[in-house]
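Report on one structure; see the data block that follows.
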Amino acid sequence: MKIAFVVHDYRRREGHSRYVVELATRFAEDNEVHVFANHIEAEGNSRIHFHHVPAWRTSALGSILSFAVQATLHVRGEFDIIHNQGLCGLRGNVFTAHIANRAWHRALRQAAGRLTFREWVSGTTLSGLEYVFYRTARNVQLIAVSKRISNDIRELYGSRAPITVVYHGVDSKSFIPARQNPLRNLVRAEIGLGEHEMTYLFVGDLRKGARQCLEALSKLQSGKLLFVSRSAEGSYLAIASALRIEERVIFLGSTGQVERYYAAADALLLPTHYDSFALVVTEAMASALPVIVSREAGAAELIQHGVNGFLLDDYNDSAELAEKMRAVAEDPALAERIGHAGRRTAECHSWDVTAAETMRVYERLLPEHASVRGNSGQPSETA
């Protein structure tokens, strides 16, 4: 089978980029795999054919639009499968929905009270483009990374194309139980954590619940909170200072080795207002950390409350979050039981499973669509 992946960036560090790396690496063992991307970290994989796609990357919206245009022009030749990540291009017969922008921006407006002008422009533009695409898409297979994304595409965009839910995988070999990780004591010492000091971890966009985490921590007498994020931290430092907990909060910036901080932590917090999946949740579960997650995250679909994680009924309720943080701090046996149950769940959702389920989506197309020729202008007519 000849497969083309279209993605903005090919690298392991985040979201849909990691998703393509994991699938492309596996599929290249038995198929001819091509990757069309703007930024490429090839990892020395000689089995994959890489193609650079130019893009104007001075802003998020400009990057998305310019890449989509260029990718549509650059994906040439005959492929059995052209697998796009969202609106990365218009040539394709498989599209994975990693986000529904209309749902994301609605939730962001509700959580923040308002959108910035840039967020409003980006949200309006991308939501409109997604609406047109998903509403008119025919003869394609859609993959949603969670049931919530599948529902959003159906309800907000009126899509009639077949949608298959395929959850993201997790690498249980890279993310090992935190208390068994040989890096644990070293990383905790580097950060300045006490040997037995309860440590909570937040990973990702700070808009996805950092304020609630700070407010919840202020309700506890002890414990520290680590933030791993590339978001600007200034306003959150101000909140920590106002709550008089600045000495219990550590902002670590972004990292390409997030597994180090899972090793150092005792629990993961993600009281997000919206997340299509949230890989950080399953990575933390694979690290045997008890996770405290809002029901607004797609990964919450894998969690049974009180069994393999904790679910927040109200993402905005810092008192509810503090209650669950206190529970895992005061009952180590409970935290250990939840963490190990989460690990078992993560082991059932490997990238091998994700790849196998994705290949079954491809196979549904092959009897009717022997090849995808790069000369069709509309995704609804690509075959």
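Since every read-out is calculated from the coordinates, none of them should be taken as a lab result. Predicted model only: the values in this text are computed from it and were never measured. FYI the Cβ positions are ideal-geometry reconstructions off the backbone, even for glycines, and counts take in every protein chain you see.
Pairs of lysines 8 or more apart, or on different chains, with alpha carbons under 22 Å: count those in the chain, would you?
6
Could you give the Stokes-Einstein D for the chain in µm² per second, using the C-alpha Kirkwood radius, 10 °C, 1.306 mPa s?
For the chosen part, D equals 74 µm²/s.
If contacts are Cα pairs under 8 angstrom and at least 6 residues apart, what is the relative contact order of segment 178-347 in percent?
Values: 330 pairs, mean separation 39.8, N = 170.
Value for segment 178-347: 23 percent.
So for segment 259-364, averaging the separation of alpha carbon pairs under 8 Å that are six or more residues apart and normalising by length, what relative contact order in percent results?
Across segment 259-364, relative contact order equals 27 percent.
Using the Cα centre as the reference, give the magnitude of the dipole from point charges on the C-beta atoms of segment 1-44 (Lys, Arg: +1; Asp, Glu: -1; all else neutral), rounded to the nearest 20 debye. Before the final figure, lay out each step's value.
On the way: 6 positive and 8 negative charges, 25 e Å.
Roughly 120 debye, rounded to the nearest 20.
Fewest Cβ neighbours within 10 Å first, please rank MET325, MET285, MET359, MET198 accordingly.
So the residues, fewest neighbours to most, are MET359, MET198, MET325, MET285.
Using +1 on the beta carbon of Lys and Arg, -1 on that of Asp and Glu, and nothing else charged, what's the dipole of the chain about the Cα centre, debye to 20?
It works out to roughly 720 debye.
Can you tell which of PHE117, MET285, VAL203 lies farthest toward the positive end of the dipole of the chain, using +1 and -1 charges on the Cβ of basic and acidic side chains (Lys, Arg; Asp, Glu)?
Of the listed residues, the answer is PHE117.
Pick out which of LEU302, LEU126, LEU220 has the largest mean-square fluctuation in a Gaussian network model of the chain, springs linking Cα atoms closer than 10 Å.
Per the Cα network of the chain with a 10 Å cutoff, LEU220 tops the list.
Mind checking the dipole of segment 178-347: about its Cα centre, +1 per Lys or Arg Cβ, -1 per Asp or Glu Cβ, Debye to the nearest 20? The partial results should precede the final answer.
Values: 18 positive and 23 negative charges, 55 e Å.
Charge dipole, segment 178-347, about its Cα centre: 260 debye, nearest 20.
If you average the sequence gap of Cα pairs under 8 Å that are 6 or more apart and divide by the length of the chain, what percent do you get for the contact order?
Relative CO of the chain lands at 18 percent.
Starting from the Cα gyration tensor of segment 178-347, multiply each eigenvalue by 5, take the square root, and state the resulting semi-axes largest first in whole Å.
Computed over segment 178-347, the values are 21, 19, 16 Å.
Which percentage, to the nearest 5, of the DSSP beta bridges contained in the chain is antiparallel?
5 percent
Using +1 at the C-beta of Lys and Arg and -1 at the C-beta of Asp and Glu, which of TYR261, SER174, ALA100 has the Cα lying farthest in the positive direction of the dipole of the chain?
Projecting each Cα onto the dipole axis, the largest value belongs to ALA100.
For the residues ILE81, ILE3, what sequence is obtained by ranking on other C-beta atoms within 10 Å, fewest first? Each step should come with its number before you reach the end.
On the way: ILE81 26, ILE3 23.
Ordered by Cβ neighbours within 10 Å, fewest first: ILE3, ILE81.
Highest GNM mean-square fluctuation, the chain, Cα pairs closer than 10 Å: which of ALA333, ALA346, ALA161?
Sorting by GNM fluctuation, first place goes to ALA333.
Could you list ASP314, ASP80, ASP266 so that the one with the fewest beta carbons within 10 Å of its beta carbon is first and the one with the most is last?
The fewest-first ordering by Cβ neighbours comes to ASP314, ASP80, ASP266.
Any chance you could run the full-extension gain for THR124 through LEU186? It's 0.36 nm times the residue separation minus the Cα-Cα distance, nm to one decimal.
Between THR124 and LEU186, full extension yields an extra 17.7 nm.
Multiply the residue gap between GLN110 and LYS147 by 0.36 nm, knock off their C-alpha separation, and tell me the result in nm, one decimal place.
Values: separation 37, 0.36 × 37 = 13.32 nm, distance 2.14 nm.
Using 0.36 nm per residue and subtracting the Cα-Cα distance, I get 11.2 nm.
Using only DSSP helix segments of four residues or longer, with each worth -39500 (n - 2.57), what per-residue ellipticity at 222 nm results for the chain after dividing by its residue count and rounding to 500?
Mean residue ellipticity, 222 nm, calculated: -12500 deg cm²/dmol.
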